[in-house]
Each structure stands twice: as C-alpha cells, then as structure tokens.
Amino acid sequence: MTKPRNPRTIAARKGIAVDTSFGAVAPPIHLSTTYVFPEFERAGTHDYSRTSNPTRSLLAETLAELEGGEGAVVTSSGMAAVDLATSQLRAFDLLVAPHDCYGGTHRLLSARRDMKHFDVMFVDQGNPEHMEEAFSASPTMIFIETPSNPLMRVVDIRAIAERARRAGAKIAVDNTFLSPALQRPLALGVDYVIHSTTKYLNGHSDVVGGAVVCAKKSEADIFAAWANIVGTTGSAFDAYLTLRGIRTLFPRIAQQQQSALAIARHLAKSASVERVHYPGLPSHPGHTIAKAQQSGFGAMLSFELAGGGEAARRFVETVRIFTLAESLGGVESLVAHPATMTHAGMDADARQAAGITDGLLRLSVGLEAEEDLIEDLEAALAASRPARPLRKKRA
C-alpha cells in the first residue's frame, strides 16, 4: 500500500494498528524508564527513556511527517524547543528575531544574549530596511514567528528563507499558531520548525510540551543528542496525550478558524474597538502573504479597545465564556491581556516598540457555539465603554 501523504491521513492514522504484541488499534503508551539489553555491550532500540522512548518516538515521527521533515525531537515544553533550536549557536553568532515575538521567547533569547551565549538582534521583520540592516550584520540564524504573538503580523517565509540561504544563515520558524494543518514552513525553504505542542497539536490544555522538526535528519540527530545531554526530552505520557490530540487536529482547527473569522468581522464593526488584528480580514496588512503561504488563517486574533487599559479590565471582568488565562489552542475559548500576562516579562520600552498596548486583548477561539461567543463578547464590549461621556472642563 502506498504510504499516506495527505497530512489529514497522517494525523488520523499514524501509529494505528501497528501493535505486534496484542493487536491494539490505538498505539499503547510505554511508561518504562529503562529497557532490557539483548546481550552484553549491545543495547536495543531503546535503553533509557531520557534518550529515547517508543511513545515519544512515535510522536516525533508523526510531527516530522506532518511538517514534511526528516526528523523531529520532542521536548518538555515549547520554550525548551526554542532553546534546543538555538542550542548550536556559539558566542558571537548572531540570531535575528522578531521584535514582537512571544514574551517568553523574547525573555529566553535576551537571557542567552546577556549570558554571552550568542548575540541577538530584535527587528521588525516586515520592514525591508530593518531586514537589510539585519542581513548586513551577517546573522547565523533567522528566527521567524508568523503570525506573530500577539499582533498577528505576517512575514514572507519563502523570501526570508531564500535570502537567509544565500547568506549562509539557518532559519527557524515558530509554527505554533497555525500548526502543520494550516502552514508547512519546511516546504517554503526553512531548516527548522518549532512548536509548543501544548497548543493546537495537543488541543486540550492538559499537556505542556514542545518539538523541533528538521528538514535534515542529520540535524535532527544533533538536536536529539543535545536534548539527551541536557535532559529536556518530553515524557512518555505527555507524548501519548499529544498523539491523541493530533487525531482531531484538522477538524478542530477548521471549526475554530470559522468562528474566529466571524468574531473578527464582528469586532471590526464595533465602535468600542480601534483595531482588529486577524490575517483573515482583507484589511490586514499581511492578508495577501498569509493567503499565499497558509492554507487557512487560524483561530488566533487580537484587538485593541478604544478605552485602553481600563476598558480591557472591564472587558475581562465581564466575559463568561471566554476565560481569562494564558496559553492558547485548546477546545475552550480564552482571552489574555498581553501587557500584563504573556508579555509581562518584556520591559515597557520593548512592549511599546512591538506595539503591545494596554488596551490590547488576545483571543484564542475554541469550539463553543459561534453565536454564544459573539454574544459573550458583545456583553463585554458594552461593559468596556465608559458609563457616560467625559465632560470637557470649562476654561
């Protein structure tokens, strides 16, 4: 039988009905930490679970196939995956990262820079002049996050990858917001794809994990060896749950992004909202690029309330279906206030440079009924407005 190539089939079928011990349809979980050596001085396929584990290996193979890569390493968190992808950089190597990246990524890269592990340049990757300056500095790696967290900015992966290749730089893309269901960066010429598997891949807000998928097996082997050395590989149970979540990845995202588009359109019409950040709207600056390199616009969006930080406080205190919480990509809808939550680790100047205002809110749209979500948002928008217009002071 021909090996399935459609990612939807891979997501639903990888590991199904391959158990040779008892004929289990669902792949079993292997919790053992240690494995028998067949004979003296000869290990089997697995010897110790930090190094390799059958369940984690199955997840890695699944992710590699979904992304079109030659190998993958499963880590204990998304931040561990970012750290692993940058682990081979040396002192004085330059990494170019987006100025508006996830706050945890900004914090990690800044900490590595401060410890002299490598240099970092944070730039607006959508600005040609800024990217010209970055490439003139001879970078060793370009780190991309598209759409960006939380402002949903989109950059042209293929164009940056082609230039990076000419410059001899590696390129890594954080694909957490879209997953391989909607975007496959390796096909656009990148070297590494990074995931927080906590998010859409698992999809149920009950696992913390990460992964790095590589275009070349030789580089995946290098990352796997380093993950074993420092001990950042993921657990078997978390891998098992993530595999189970991947089975429904495609139908989940299809429904979630349908609701997200409806919500974005609704918010765009509200007098309480100054701006909506969602690449699925034709008015979004990155709409054309997103349409070209993505197969969907995803279920993440953000918007800025006209009333600023105080309006944001009233909004999150009013919502009942959207839950005020960090993270994203689960079946439940969440709202986050980036300035005080996901990006609180960035200093005020960095947030201002990235465009993260006190009135900015980020939504992760779940699987609840679309009309209920919009009704919940409408009530919160009404609450976010001042009770009465402010009177002008008399001269």
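So that you can scan it fast, the table gives a plain yes or no per residue for (1) within 17 Å of E65 (Cβ to Cβ); (2) under 12 Å from the mean Cα position of the chain (by Cα):
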position	(1), (2)
A167	no, no
R184	yes, no
D191	no, no
H195	yes, yes
D206	no, no
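Give S76, S32 a once-over and let me know the one that is of a type in the set (G, A, S), within 24 Å of P185 (Cβ to Cβ) and surrounded by fewer than 23 Cβ atoms within 10 Å (Cβ to Cβ).
Details: S32 fails: within 24 Å of P185 (Cβ to Cβ).
After ruling out the rest, the residue left standing is S76.
Working carefully through the options A380, A312, A339, A344, find the one that is buried (at least 20 other Cβ atoms within 10 Å of the Cβ), assigned to a loop (DSSP other than H, G, I, E, B) and not polar (S, T, N, Q). Spell out how you get there, then give the answer.
Numbers: A380 fails: assigned to a loop (DSSP other than H, G, I, E, B); A312 fails: assigned to a loop (DSSP other than H, G, I, E, B); A344 fails: buried (at least 20 other Cβ atoms within 10 Å of the Cβ).
Being buried (at least 20 other Cβ atoms within 10 Å of the Cβ), assigned to a loop (DSSP other than H, G, I, E, B) and not polar (S, T, N, Q) holds for just one of A380, A312, A339, A344, which is A339.
So G307 passes all but one of these: (1) surrounded by fewer than 21 Cβ atoms within 10 Å (Cβ to Cβ); (2) modelled with pLDDT of 95 or more; (3) more than 20 Å from the chain's Cα centre (by Cα). Which condition number does it fail?
Unmet condition: (2).
Can you name every residue in region 124-138 that is surrounded by fewer than 16 Cβ atoms within 10 Å (Cβ to Cβ) and either outside any helix (DSSP H, G or I) or not assigned by TED's automatic domain parsing to the domain that holds I171 (or both)?
N127, A137, S138
Can you tell me which residue is modelled with the lowest pLDDT among those in region 347-375 that are surrounded by fewer than 21 Cβ atoms within 10 Å (Cβ to Cβ) and assigned to a loop (DSSP other than H, G, I, E, B)?
D347
Which count do you get for residues in region 296-309 that are over 17 Å from E368 (Cβ atoms) and part of a strand (DSSP E or B)?
Summing the residues that are over 17 Å from E368 (Cβ atoms) and part of a strand (DSSP E or B) in region 296-309 gives 4.
Would you point out the residue of region 100-123, among those that are among the basic types (K, R) and either touching a residue at least 12 places away in the same chain (Cβ under 8 Å) or surrounded by 18 or more Cβ atoms within 10 Å (Cβ to Cβ) (or both), that is farthest from P139 (Cα to Cα)? Let's see the steps before the verdict.
Within region 100-123, the subset among the basic types (K, R) is 107, 112-113, 116.
Restricting the remaining residues to those that are either touching a residue at least 12 places away in the same chain (Cβ under 8 Å) or surrounded by 18 or more Cβ atoms within 10 Å (Cβ to Cβ) (or both) gives 107, 112, 116.
Numbers: R107: 20, R112: 16, K116: 16 Å.
Restricting to residues being among the basic types (K, R) and either touching a residue at least 12 places away in the same chain (Cβ under 8 Å) or surrounded by 18 or more Cβ atoms within 10 Å (Cβ to Cβ) (or both), the top hit is R107.
Conditions (1) in contact with a helix residue (DSSP H, G or I) (Cβ under 9 Å, 6 or more places away or on another chain); (2) closer than 29 Å to A172 by Cα; (3) touching a residue at least 40 places away in the same chain (Cβ under 8 Å), marked per residue:
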{"position": "P27", "(1), (2), (3)": "yes, no, yes"}
{"position": "H30", "(1), (2), (3)": "yes, no, yes"}
{"position": "F40", "(1), (2), (3)": "no, no, no"}
{"position": "G69", "(1), (2), (3)": "yes, yes, yes"}
{"position": "F92", "(1), (2), (3)": "no, yes, no"}
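So if I check each of S327, S295, which one is in contact (Cβ under 8 Å) with a residue 40 or more places away in the chain, at positive phi, among the hydroxyl-bearing types (S, T, Y) and not assigned by TED's automatic domain parsing to the domain that holds S205?
On the way: S295 fails: at positive phi.
The conditions single out S327.
Mind counting the residues in region 264-296 that are among the hydrophobic types (A, V, I, L, M, F, W, C) and in contact with a helix residue (DSSP H, G or I) (Cβ under 6 Å, 6 or more places away or on another chain)? Walk me through it before giving the result.
If we filter region 264-296 for residues that are among the hydrophobic types (A, V, I, L, M, F, W, C), which is where we start, we get 264, 267-268, 271, 273, 276, 281, 289-290, 292.
So of that shortlist, the ones also in contact with a helix residue (DSSP H, G or I) (Cβ under 6 Å, 6 or more places away or on another chain) come out as 273, 276, 281.
Summing the residues that are among the hydrophobic types (A, V, I, L, M, F, W, C) and in contact with a helix residue (DSSP H, G or I) (Cβ under 6 Å, 6 or more places away or on another chain) in region 264-296 gives 3.
The values are calculated or read from the model by the stated rules, or taken from the named source; none is laboratory data. From a predicted model like this one, the values you see are computed outputs, not experimental measurements. Heads up, the Cβs are rebuilt from the backbone with ideal geometry, glycines too, and the neighbour counts pull from every protein chain shown.
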